[in-house]
Amino acid sequence: MAKWVYMFTEGNAGMRNLLGGKGANLAEMTNIGLPVPQGFTITTEACTQYYEDGRKINDEIMAEAMKGVAKMEEINGKKFGDLKNPLLVSVRSGARASMPGMMDTILNLGLNDEVVAAMIAGNPDPKFERFVYDSYRRFIQMFSDVVMEVGKKYFEELIDKMKAARGVQFDVELTAADLKELAEQFKAEYKKQLGQDFPSDPVEQLKLAIEAVFKSWDNPRANVYRRDNDIPYSWGTAVNVMPMVFGNLNDQSGTGVAFTRDPATGEKKLMGEFLKNAQGEDVVAGVRTPMPIAQMEQEFPDAYKDFVKVCGILENHYHDMQDMEFTVENQKLYMLQCRNGKRTAQAALKIACDLVDEGHRTEAEAVAMIDPRNLDTLLHPQFDAAALKNATPIGKGLGASPGAACGQVVFTADDAELWAAKGKKVVLVRLETSPEDITGMKVAQGILTVRGGMTSHAAVVARGMGTCCVSGCGDINMDEANKTFTLGGVTFTEGSEISIDGSTGNIYQGIIATVDAKIVGEFGRVMDWADKYRRLKVRTNADTPSDAKKARELGAEGIGLCRTEHMFFEADRIEAFREMICSDTAAEREVALAKILPYQQSDFEQLYEALEGFPVTIRFLDPPLHEFVPTEDAEIQKLADAKGKTVNEIKAMINSLHEFNPMMGHRGSRLAVTYPEIAVMQTRAVIRAAINTQKKHPEWKMNPEIMIPLICDVKELKMIKKIVVKTADEEITAAGIDLKYEVGTMIEIPRAALLADEIAGNADFFCFGTNDLTQMTFGFSRDDAGKFLQAYYETKIFEYDPFAKLDQDGVGKLMKMAIDLGKPVNPKLHVGICGEHGGDPSSVEFCHRIGLDYVSCSPFRVPIARLAAAQAAIADAR
């Protein structure tokens, strides 16, 4: 029989898959003797079972949970639902991968009118009465919101109304009588919204709360977060049930969140926030702006001393920066959670280097602990130092997630999505963010909040996404309803321009210039370690010398894809190319192509110069010809004059190029089959450029790689290769120089993968064009898939976008098949990938596993691929 429930004393850190991260760490803290309120964890398998049973908790799981409650009662000397000595509990989610703020928590569960009355009767202190009613109104609000999905706003409006009526600013200023009245109002609101009374049976409350946590695994924000962070739906979440400790008991109590190192910079210092007379969600939700953790020493010296000691124990135990939640009740410390803390990329690199220097980690372990996706932010622009010097901040918040963000102000997550969809850069400004805002936060350049500290929802999620964030700018006077705010005497409305600095917390009016990032310091050190361990080479996709140069700076070891068609669109050559398209004979086409040849040759020479002798793969013309023809009347007239034809004749030619399905139409190798003169011109340009570069730099070993796109049959490749080889050899002989070159093909049609053994005998290399291979394997167009993929995510048919993350089951199987068929036929065959997947960490790991020689990706993803390739090699060695 399955075991669905584990007491904290029965688990350990190694049981993360079963107990979730929070449950495993609570068990581990229990094992090493830290002060953890003793409870139990319902496993992730129970969550999977809940969904298998049609979203119901079966009797077996519930019975085990109640046995857990009985053991908890025994350990804590209190009884659930008892009037004399009631046990109140918290119910929290905990997936095996940390998902801050994405799932649900319920505190103070077990309260009802009778328990409240009995607790107050047992302790006549008026402060205690206030605490009980505060806990009760919080429970009703959280239970209604999280479990029964009655929006928080109804309750917040009632609190604001009550504070206004009493003439106070903060919740803590409300009296016991006020809170008692609020609790009654909350229950009335609950009944009004749901048509039933608030549940008073603690066992029913517990069952509904456990269900709510399981249900939250499938809420929209959790689904978005999982898709972005490669967390499979099948993992499920665990549920942690533990006795409440009360930070809101009195002024001798409080609650806090802390990190053993600064999560924004990585500096080795205790960093965190604390609120007196409060419960955990007050700090995390950012409702009140808390005090820095150092102030806790003055308020609660003994608990602070214990906490500092616990921080040392945890960091030495886990050998990583820890993020901890704790509560102090009557001056006594209790630990409620610890986990490896979310951190910015900058902090991740510093912490990794420091942990190596401090002897906590080896170089390989340090490389393995950095999330490659995080590096993206370091490669993004920072504010230009000179421009920043001349700018005056109009306000300052907390620098919660570094980076530079500028754009137009929007006030809601929905508006952020709408504006971003129109190509506008936006900065999302909110009183405080909540987990529902995740989709708007994703598309924003930066996030600015009025409330909340370094550990608020906005700060934690922004750091995880690598988005610039400034939080807790209390000087902002916000009017959300009318979409305006004022700061430093300046009024901002929707669409106003603003710049925020996530490192300093400074806020500026208008747009400040930004500059590109560089690999230096700790970034360079970690990259050097990564290069030491990786087997896969990393190239770049680049069509211009500036892109190629940037990629070389970021560590690229060659060009894996140069798309020659991008070179045709420049004004001085598009006209000649259009003349070629509208020619009637091969001779006419050759005349037009001869005009383009010097331009192509010059382009390639510049690319070779930028690459300094590293390999360059040049893909021959790929898109369908209709993409190059004019659409404006004036341009059509110009083309007609150049070709000595009428406008109508040119229009007829343009119309004849129209295809019903151009992505599967007259493109790629098919162009070279019908118009071999295009392949001749491109070969001449590639080889002449290589000859000139070789003469100029005798120390470089030029070896251009010519790549034929969209091959589906070996006879196609043979025919085009014959043209290429004849032309290249003529050029090399005429130049009297010794020059090697290679001819290979892209594998982007499933048939090519199936016939890879035949093709390999005629190719020097394969390169997987996974954008097209994905499109043709799935049978849907990448330009149109966005219209229906959302429905596929919602119904769990797909968990991620196959164009963003490689489909290892289908497309991956074709890739492996092509390598397994091709390499035995041609042992010298080298194999790479040049689709967008070349910069996605999980796809890079797969490419390492199936034996590719290199991955190629856009310039700014090169460091990400270098790190992911190293992590794949390190995992292999383990």
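The values are calculated or read from the model by the stated rules, or taken from the named source; none is laboratory data. In this text the structure is predicted, and so the values were computed from the model without any measurement. When we count neighbours, we look across all protein chains shown, and the Cβ atoms used for this are built from the backbone with ideal geometry, even at glycine. The area values use the complete protein model at the heavy-atom level, side chains included, leaving out ligands, DNA and RNA. Shrake-Rupley method; radii C 1.70, N 1.55, O 1.52, S 1.80 Å.
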For the chain (alpha-carbon point model, no solvent) the Debye-based log₁₀ I(q)/I(0) at q = 0.05 Å⁻¹ works out to -0.35
Grab the Cα-Cα distance for Lys695 and Glu632, subtract it from 0.36 nm times how many residues apart they are, and report the gain in nm with one decimal. 18.3 nm
How much length is gained if the chain between Lys425 and Lys726 is pulled fully straight, taking 0.36 nm per residue apart and subtracting their Cα-Cα distance, in nm to one decimal? 103.3 nm
Given charges at Cβ of Lys, Arg, Asp, Glu: the chain dipole, positive-most of Gly21, Val224, Leu754: Leu754
The range 401-487: trypsin sites (Lys or Arg not before Pro) falling in loop per DSSP and having at most 11 other Cβ within 10 Å: Lys422
In nm, to one decimal, how far is the modelled label at Asn482 from the one at Asp302, with both set 7 Å along Cα→Cβ? 5.3
With a 1.4 Å probe and every protein chain kept in, tell me what percent of the accessible surface of the chain is carbon plus sulfur. 51
Long pairs among Lys215/Lys805; Lys84/Lys191; Lys518/Lys550; Lys84/Lys187; Lys350/Lys518; Lys153/Lys192, criterion Cα-Cα beyond 19 Å: Lys215/Lys805; Lys84/Lys191; Lys84/Lys187
Which FRET efficiency, nearest 0.05, do Ala63 and Asp641 yield, Cβ-Cβ r, R0 60 Å? 0.10
Cα extents of the range 211-352 along the three principal axes, largest first (Å): 45, 38, 28
Could you work out the relative contact order of the range 1-41, using alpha carbon pairs under 8 angstrom and six or more residues apart, expressed as a whole percent? 46
If the cut-off is a Cα-Cα distance under 20 Å, which lysines reach Lys823, setting aside same-chain residues fewer than 8 apart in sequence? Lys537, Lys715, Lys718, Lys721, Lys813
Show me the GluC sites (Glu not before Pro) within the range 735-780 that DSSP assigns to loop and that have at most 14 other Cβ atoms within 10 Å of their Cβ. none
Per the Kirkwood formula over distinct C-alpha pairs, the hydrodynamic radius of the range 14-171 in angstrom is 18.1
Quick one: grab the alpha carbon gyration tensor of the range 337-385, order the square roots of its eigenvalues as a ≥ b ≥ c, and give me rounded if a/c is under 1.5, else prolate or oblate depending on whether a/b is larger than b/c. prolate
Row for the range 1-102, column shape: gyration tensor on C-alpha, a ≥ b ≥ c, rounded if a/c < 1.5 i.e. under 1.5, prolate if a/b over b/c, else oblate; value oblate
Estimated inter-spin distance, Ser434 and Ala117, nm [label 7 Å along Cα→Cβ]: 3.3
Show that you can apply the helix-only estimate: for the chain, add -39,500 (n - 2.57) for every DSSP H stretch of four or more residues, divide by all residues, and state [θ] at 222 nm to the nearest 500. -14000 deg cm²/dmol
Diffusion constant of the range 462-561 at 4 °C, which comes from Stokes-Einstein with the Kirkwood Cα-pair radius and 1.567 mPa s, µm²/s: 73
Only sites in a loop by DSSP and with at most 15 other Cβ atoms within 10 Å count here; which trypsin sites (Lys or Arg not before Pro) in the range 770-822 make the cut? Lys796
Just the accessible area per residue of the range 442-552, please: how many Å² with a 1.4 Å probe? 38
Under a 1.4 Å probe, what is the accessible area of the range 653-701 per residue, stated in Å²? 50
What distance in nm separates the two pseudo spin-label positions at Asn316 and Asp820, each 7 Å out from Cα along the beta-carbon direction? 5.1
Test item: Cα-centred dipole of the chain, Lys/Arg +1 and Asp/Glu -1 on Cβ, debye: 1040
Work out Dmax and Rg for the range 204-255 from the C-alpha atoms and quote the Rg first, both in angstrom. 15.6, 44
Would you mind working out the magnitude of the charge dipole of the range 399-556 relative to its Cα centre, with +1 at each Lys and Arg C-beta and -1 at each Asp and Glu C-beta, to the nearest 20 Debye? 980
Using Cα pairs under 8 angstrom and six or more residues apart, how large is the relative contact order of the chain, in percent? 9
Report the residues of the range 106-149 in range of a label on Gln169: point 7 Å along Cα→C-beta, backbone N strictly under 13 Å from it. none
Kindly state, to the nearest 0.05, the FRET efficiency for Ser602 paired with Arg288, given R0 = 51 Å and r defined as their beta-carbon distance. 0.20
Toward the positive end of the charge dipole of the chain, about the Cα centre and with charges on Cβ (Lys, Arg +1; Asp, Glu -1), which of Ile42, Ile32, Asn277 goes farthest? Ile32
Could you sort out which of Lys740/Lys828; Lys207/Lys332; Lys127/Lys276; Lys309/Lys342 sit more than 19 Å apart by Cα distance in this structure? Lys207/Lys332; Lys309/Lys342
Got a sec? Charge dipole of the chain, +1 on Cβ for Lys and Arg, -1 for Asp and Glu; which of Leu852, Ala294, Ala551 is way out at the positive end? Leu852
Between the Cα axis of helix 126-142 and the main Cα principal axis of the chain, the angle (0 to 90°, nearest 10) is 40
Once a ≥ b ≥ c are taken as the square roots of the eigenvalues of the Cα gyration tensor of the range 317-430, is the result rounded (a/c under 1.5), prolate (a/b larger than b/c) or oblate (a/b not larger than b/c)? prolate
